[in-house]
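Trainee: Here's a structure for you.
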Amino acid sequence: METEKIELKKIEGSVSGKRVLLVEDYDFLRKVLAKKLANNGFNVYLAEDGKQAVDGLEFANPDIMLLDIMMPVMDGFEVLSAVRSHSDPVLSKIPIIVLTNLGGDDDIRKARLLGANDYIIKSDVKTGDIVEKIKTFFTSPF
C-alpha cells in the first residue's frame, strides 16, 4: 500500500514526555484517552484511522502505539503489518498495545502473530489502567 507522509494532531503532555501514537476512530474515546495520557506527561499524536497512523508514523516518531483494531480505511491488523515491515528499524520495533473490543482467541492470536506487544479489551479496563500499562513499557520514571 502506498503511504504519504502527513502531520498528525499533537496534544502536549510535557517537553520530556514519551510520544504515544493513539490510533482510535471513536472520537469520544480518542479525546478521553488523549487527555488522560497528556495529563500523565505523555505527548500524544492522534490518528483517526489506520491509514492516518501509517502515513503519520514518521512524523509522530512514537515511543509506543496504542492501536484499535476495528477502524475504517485500514484496520489495526493492517497497521500492525505495515509497522512491523517498515523500512526504519526503530519504527518497525516500537511497542504496540492493541486496545479493542475484539476479545476472541483468534483475534488475540492474530494480533500477537502480527507483532502486538500487548492486547487490551476496552470493556475490561479503565483509562487509568491503560496509562499504567503504557508506563510499564518504559524504564524511566514519569
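The values are calculated or read from the model by the stated rules, or taken from the named source; none is laboratory data. Since the model is a prediction, treat every value here as computed from it, not as a measurement. Cβ sites come from the backbone with ideal geometry, for glycine too, and all protein chains shown count toward neighbours.
Trainee: Is it fair to say D49 is within 17 Å of V98 (Cβ to Cβ), touching a Phe, Trp or Tyr at 6+ places or on another chain (Cβ under 9 Å) and modelled with pLDDT of 95 or more? Give the derivation first.
Mentor: On the way: within 17 Å of V98 (Cβ to Cβ): yes; touching a Phe, Trp or Tyr at 6+ places or on another chain (Cβ under 9 Å): no; modelled with pLDDT of 95 or more: yes.
No; evaluated as a whole, the condition is false for this residue.
Trainee: Which of the residues belonging to segment 62-85 are at pLDDT below 95 and either among the β-branched types (V, I, T) or farther than 20 Å from E48 by Cα (or both)?
Mentor: Correct list: V73 only.
Trainee: For the condition touching a helix residue (DSSP H, G or I) at 6+ places or on another chain (Cβ under 9 Å), farther than 17 Å from K18 by Cα and of a type in the set (D, E, K, R), what is the one hit in E78, E58?
Mentor: It is E78.
Trainee: Of (1) in contact with a helix residue (DSSP H, G or I) (Cβ under 8 Å, 6 or more places away or on another chain); (2) within 23 Å of E58 (Cβ to Cβ); (3) without any contact (Cβ under 8 Å) to a residue 40 or more places away in the chain, N101 satisfies all except one. Which?
Mentor: Status for N101: all satisfied but (2).
Trainee: Give the residues of segment 31-47 that are part of a helix (DSSP H, G or I) and among the hydrophobic types (A, V, I, L, M, F, W, C), sorted by residue number. First the steps, then the outcome.
Mentor: The first filter runs over segment 31-47 and keeps only residues part of a helix (DSSP H, G or I), leaving 31-39.
Once the filter is applied, which keeps residues that are part of a helix (DSSP H, G or I) and among the hydrophobic types (A, V, I, L, M, F, W, C), segment 31-47 yields V32, L33, A34, L37, A38.
Trainee: Kindly indicate which of K35, K9 is more than 19 Å from S92 (Cα to Cα), surrounded by fewer than 21 Cβ atoms within 10 Å (Cβ to Cβ), of a type in the set (D, E, K, R) and at pLDDT below 90.
Mentor: Result of the check over K35, K9: K9.
Trainee: Sticking with this one: Using the structure shown, decide if K110 is more than 14 Å from the chain's Cα centre (by Cα) and farther than 18 Å from L8 by Cβ.
Mentor: For K110, the condition - more than 14 Å from the chain's Cα centre (by Cα) and farther than 18 Å from L8 by Cβ - is met.
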